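Worksheet: one structure, shown below.
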Amino acid sequence: MSNEPEGASQSGGGLPDIHVNTGLTLGALAVGLLAGLAVTRWPVLTPVGAVMAPLGGLWLKGLEMTILPLVSALLVVGIVQMMAAASAGRQAIRVLGWIFGIYFASAFFAAVAMPLLLDVWPVPAAAQGVLAGAPGKDAPVPGFGDFLLSLLPSNIFAAAANDAMLPCVAFFSLLGVAISRLAPAPRGQLTALFEALAGAMMVMIGWVLWLAPVGVFALSLDLGARTGAAAIGVLAHYVITVSIMGWAVLAAAPVLALLGARLALGAYCRALMPVGAVAISTQSSLASLPAMLTACRKLGVSGASAEFALPLCVALFRATGPAMNLAVAIYVAKLTGVTLSPAILVAGAIVAAITEISSPSLPGAISFVSAVGPVALAMGVPIAPLALLVAVDMLPDITRTVGNVAMDVVVAALIDRGRREGEEA
């Protein structure tokens, strides 16, 4: 992820570059909360809150309307690209195997750990419901039998209209696989169609996020007026608890390096220090690629393995994503009073793991919306609070990027070890 000034430009690829001013958005959140506190102290300002509330609601609707088409189009394009990468050979299949294995491990870890963490360190009692923008919907997957039946839609249009994200993800994933099996000409045409749709949706969401300081200010003013200082406490609690899930994935990287890649723990940590410094300063896995290549050389990973695996990881792999995205949805469920059964958590974990393939190269704010939105919808969790949480995501985003680059280097080392063992066998 990276955080850039607002605006949009066309990149050399098929998708436009969307830039979001996260610093200004975070400032709008702080000013809005203070303005909301002022409204509670001086009732004469109440009309200001009455004017801003619908403005924030309108901005929120603009954010919500792009989620399903954006995620669906990106998922199809991502699956087609992944299948093309897999056709490159056995080494690519190994990289993809590690990516998906870590994705599902990351997601299911959060499905267990985040509820336990919130039981041990619960959301402040005074903050219960402070970010609720809408009542929780009935869970779409209440039982195991219903969960199995919900995997595939009988009518994709009805599923989309009802925000049934799990069957939509299944359908568009299968569609992506089917497109990858077509002849080159129709495969290219359909891929270009979905890439164009994704590009158009990104332009639209770019417009919405360009107005994020205004929308977040309006929503946070209304929130501050309704809840007072409780909102500030819950945002701090949210940032810490969600970041803990990312820290756990980061902590798993040296363990996997030691046990799986047989790297010396001290050498791995020393090699990763410069990579972590670049990741913290840039919040971009792509910008950290040269440092990752240098770290691999220090660890004895062959140049061929590193130069093959790391670019693929930068394009497709964000190890912390499933855990932290699912953690956000679980946190919002706690805030809004949505009960999460084991089947719902399984559904959320599956969606978190699969949809992550579509979002690695997106800017932080868009990635947050496109990755967390479908997870929340699959779990029956309101997505309205995401409009405010996106303003503080720049803080957990640092943890995301450091954890991602740490795992990227581990995967390169694992691939290199597997290649060497294959040559020796």
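The values are calculated or read from the model by the stated rules, or taken from the named source; none is laboratory data. Keep in mind it's a predicted model, so treat the numbers as computed, not measured. In this analysis, Cβ positions are derived from the backbone assuming ideal geometry, glycine residues included, and neighbour counts consider all displayed protein chains. All accessible areas refer to the heavy atoms of the entire protein, side chains included, with ligands and DNA or RNA removed. Shrake-Rupley method; radii C 1.70, N 1.55, O 1.52, S 1.80 Å.
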- Message: 7 Å from Cα along Cα→Cβ at both Asp119 and Ala196: what's the point-to-point distance in nm?
- Response: 5.2
- Message: As a test of reading the structure, rank Phe317, Phe157 by solvent-accessible area (1.4 Å probe, protein chains only), most first.
- Response: Phe157, Phe317
- Solvent-accessible area per residue for the stretch 209-360 at a 1.4 Å probe radius, Å²? 33
- Query: How would Leu223, Leu256 rank on accessible area, largest to smallest, probe 1.4 Å?
  - Reply: Leu256, Leu223
- Phi to ³J(HN,Hα) by Karplus 6.51 cos²θ - 1.76 cosθ + 1.60 over the stretch 312-327, Hz, x for Gly, Pro: 5, 5, 4, 6, 10, 10, 9, 4, 7, x, x, 5, 6, 5, 5, 4
- Message: Quick check on packing: order 298-306, 31-39 by the mean number of other C-beta atoms within 10 Å, highest mean leading.
- Response: 31-39, 298-306
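Would you kindly give the portion of the calculated P(r) for the stretch 302-420 that falls above 17 Å, as a percent of all Cα pairs? Write down the numbers at each step before the final one.
Details: 3990 of 7021 pairs.
When all Cα pairs of the stretch 302-420 are counted, 57 percent exceed 17 Å.
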- Query: How far apart, in nm, are the 7 Å Cα→Cβ label points at Asn162 and Ala287?
  - Reply: 4.5
- Phi angles of the stretch 70-83, converted by Karplus (6.51 cos²θ - 1.76 cosθ + 1.60, θ = phi - 60°) into ³J(HN,Hα) in whole Hz with x for Gly and Pro, give 5, 5, 4, 5, 5, 5, 4, 4, x, 5, 4, 5, 5, 5
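Sort 339-348, 57-66, 173-182 by the packing proxy (mean of other Cβ within 10 Å over each peptide's residues), most packed first. Could the numbers behind the result be given before it?
Values: 339-348: 20.4, 57-66: 18.0, 173-182: 16.5.
Ranking the peptides 339-348, 57-66, 173-182 by packing returns 339-348, 57-66, 173-182.
Can you give the FRET efficiency to the nearest 0.05 for Lys298 and Val112, using r as the Cβ-Cβ distance and R₀ = 41 Å? Spell out each step's value before the answer.
Working: r = 35 Å, r/R0 = 0.85.
With a Förster radius of 41 Å, E is 0.75.
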- Message: Based only on Cα atoms, what mean projected area does the convex hull of the stretch 237-319 have, in nm²?
- Response: 5.7
- Message: Whole-Hz ³J(HN,Hα) for each residue in the stretch 337-345, computed from phi via Karplus 6.51 cos²θ - 1.76 cosθ + 1.60 with θ = phi - 60°, x for glycine and proline: what do you get?
- Response: x, 7, 7, 10, 7, x, 5, 5, 5
